[in-house]
Amino acid sequence: MVMGQIGGVWRLPVKIHEFQAKQLLAHYGIAVPASGGVIADASEARAAAEAVGGRCVLKAQVHVGGRGKAGGIRVVANADEAEQAAGEMLGMLLRTRQAADGVRVSRLLVEEPLNIEQELYLGVVPDRTSQRNVIMLSMMGGMDIEAVADEHPDAIARVRVDPLLGLRPYQLRGLCGDAGVPREIAPAVATFAEQLYAAYYALDASLAEINPLAITRDGRVLAADAKLVVDDNALFRHPDLRALQDDAEEDPIEAEAHRRSVQYVRLGGDIGILGNGAGLVMATLDEVARAGGRPANFLDIGGGAKAELVRSALEIVLSDPNVRAVLFNVFGGITRGDEVARGIIESTRTLDIRVPVVVRLAGTRAAEGAEILRDTPLTFASGMAEAARKVVELAAAS
Ligand code: GDP
Ligand code: MN
């Protein structure tokens with residue numbers, strides 16, 4: 001969900017599937033629908049459906065939102081229909097607004113269906129501006145919460161939690177009041193918010209979100225959906241959560257990069273980027289975008305880039321089939337320009353490079369580096385803007 005990203009975009013988060021999030025949240029007292037289990041094969045659907053009484057809801061367990069609108073959630077009347085629906089859903093490519101290329105469905109959560117009367121939104125995220133965790137609550141929950149955030153920001157009530165005083169009862173009452181929660185259900189919603197905040201805090205989450213928080217026709221308040229993202233910096237405190245990390249869905253290039261300890265994030269464009277230092281790489285992405293190009297990735301080769309590391313990093317970048325040109329942007333401090341130049345030349349010998357490569361070197365031994373590159377097919381650039389312009393031109397021509 002995009003709202004969780006109001007304060008910036010998180011990288012390397014530990015994403016937890018809905019069924020896992022619901023299990024975790026249940027430990028904090030949060031009410032969740034009765035579960036018939038998670039199935040990976042249609043033959044298991046019947047038993048799972050019967051476990052919740054036959055009539056059930058089947059939910060694709062994928063790390064993208066908007067499943068409801070994309071056909072990833074189906075309510076069926078009995079075990080026969082559950083088997084049929086599971087057969088159709090397992091293996092399907094789910095295309096949502098958040099995943100235009102589609103995500104393969106390999107598991108389904110089978111749950112008690114809810115007679116939802118009203119859908120609320122409840123979320124907890126860190127707010128960088130106020131340096132507080134903030135709880136958000138809206139009566140306009142459900143599938144269009146992003147539109148609500150854009151069009152009716154006032155419909156989302158917020159409360160910031162003081163890190164020393166913690167969340168206090170009056171704040172919860174204020175939150176429900178501001179959100180316009182009807183009196184009859186306000187105590188239950190307040191308790192729910194208190195429990196979600198406790199879970200978020202204890203789990204070192206960077207996002208805990210219930211959307212929809214369902215109010216059923218018979219007056220129950222339950223988490224119909226649940227999303228948890230745990231800060232990977234806190235994983236050492238939660239070895240059990242690390243085990244949940246599902247890398248089956250992770251981008252295969254990112255997964256390989258992580259195996260090689262290469263700091264790589266795939267961005268979807270066609271210009272491969274390598275640089276030393278996260279700040280420099282970020283600036284390079286901006287420069288390439290300003291020159292009209294679309295970066296394929298973020299890759300920080302770090303300090304003291306040796307030939308073997310450069311080769312390994314370049315191999316990762318080139319394994320993205322969309323890459324049409326590569327830009328190396330290296331500022332020499334500890335990393336020496338001549339060493340980088342040698343590393344690049346070395347890797348161009350051992351790798352089959354079919355795209356143009358632009359190298360920008362500055363700082364320690366940049367001139368020596370440029371000299372080394374002179375008689376190679378590599379394009380040298382001395383300034384960042386010049387390098388970005390050249391790589392965008394070359395990508396367009398290649
Ligand atoms: P998302 O679209 O990926 O965020 O998936 P959700 O779990 O939020 O479900 C989307 C929508 O399915 C909800 O907003 C509900 O309106 C709808 N829905 C209908 N019946 C049910 C039900 O019994 N259980 C759940 N969880 N959702 C239901
Ligand atoms: Mn949802």
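The values are calculated or read from the model by the stated rules, or taken from the named source; none is laboratory data. Small disclaimer: the values here were computed from a predicted structure and weren't measured. Note that we place each Cβ from the backbone using ideal geometry, even for glycine, and neighbour counts take in every protein chain shown.
How many residues does segment 61-79 hold that are more than 8 Å from ligand 1 (Cβ to nearest atom) and in contact with a helix residue (DSSP H, G or I) (Cβ under 8 Å, 6 or more places away or on another chain)?
Going through segment 61-79 one residue at a time, the tally reaches 8.
Scan A291, A296, A257 and give me the residue that is over 21 Å from the mean Cα position of the chain (by Cα) and hydrophobic (A, V, I, L, M, F, W, C).
Exactly one of A291, A296, A257 is over 21 Å from the mean Cα position of the chain (by Cα) and hydrophobic (A, V, I, L, M, F, W, C), namely A291.
Within segment 115-158, can you find the residues that are more than 16 Å from ligand 2 (Cβ to nearest atom) and in a loop (DSSP other than H, G, I, E, B)?
N115, R128, T129, S130, Q131, H152
Quick one: R349 ticks every box in (1) surrounded by fewer than 18 Cβ atoms within 10 Å (Cβ to Cβ); (2) touching a helix residue (DSSP H, G or I) at 6+ places or on another chain (Cβ under 8 Å) except a single one, so which number is it?
(2)
Conditions first: (1) surrounded by fewer than 22 Cβ atoms within 10 Å (Cβ to Cβ); (2) of a type outside the set (K, R); (3) assigned to a helix (DSSP H, G or I). V161 passes all but one, so which condition is the exception?
It fails just one condition, (3).
Check V38 against each of (1) crowded, with 16+ Cβ neighbours inside 10 Å; (2) within 16 Å of ligand 2 (Cβ to nearest atom); (3) not charged (D, E, K, R) and name the one condition it does not meet.
Of (1) crowded, with 16+ Cβ neighbours inside 10 Å; (2) within 16 Å of ligand 2 (Cβ to nearest atom); (3) not charged (D, E, K, R), only one is false for V38: (2).
Is at least one residue of segment 236-251 among the hydrophobic types (A, V, I, L, M, F, W, C), within 16 Å of ligand 2 (Cβ to nearest atom), surrounded by 15 or more Cβ atoms within 10 Å (Cβ to Cβ) and in a loop (DSSP other than H, G, I, E, B)?
no
What number of residues within segment 15-48 satisfy the criterion of being of a type in the set (G, A, S) and without any contact (Cβ under 8 Å) to a residue 40 or more places away in the chain?
Of the residues in that region, 2 qualify.
Anything in segment 49-78 that is over 21 Å from L244 (Cα atoms), surrounded by 19 or more Cβ atoms within 10 Å (Cβ to Cβ), within 13 Å of ligand 2 (Cβ to nearest atom) and in contact (Cβ under 8 Å) with a residue 40 or more places away in the chain? List them, or say none.
Passing the criteria: only V57.
Within the set of pairs 6 or more residues apart or between chains, which connect a residue that is on the phi < 0 side of the Ramachandran plot inside segment 264-276 to a residue that is buried (at least 24 other Cβ atoms within 10 Å of the Cβ) and of a type in the set (K, R) with Cβ atoms less than 9 Å apart?
Partner pairs satisfying both residue conditions: G275/R360.
Given the residues A341, A289, which is the only one that is assigned to a helix (DSSP H, G or I), of a type in the set (G, A, S) and at pLDDT 95 or above?
After ruling out the rest, the residue left standing is A289.
Of the residues that sit in segment 204-235 and are within 16 Å of the chain's Cα centre (by Cα) and in a helix (DSSP H, G or I), which one is modelled with the lowest pLDDT?
Top of the filtered list is D232.
Considering each residue of segment 131-152, count those that are surrounded by fewer than 18 Cβ atoms within 10 Å (Cβ to Cβ) and either within 12 Å of ligand 1 (Cβ to nearest atom) or more than 23 Å from the chain's Cα centre (by Cα) (or both), and give that number.
Going through segment 131-152 one residue at a time, the tally reaches 5.
Pairs only if they're at least six apart or on different chains, beta carbon under 8 angstrom, first in segment 224-244 and touching a residue at least 60 places away in the same chain (Cβ under 8 Å) and over 30 Å from M143 (Cα atoms), second of a type outside the set (F, W, Y) and part of a helix (DSSP H, G or I); list them, first residue then second.
Pairs found: L235/L241; L235/R242.
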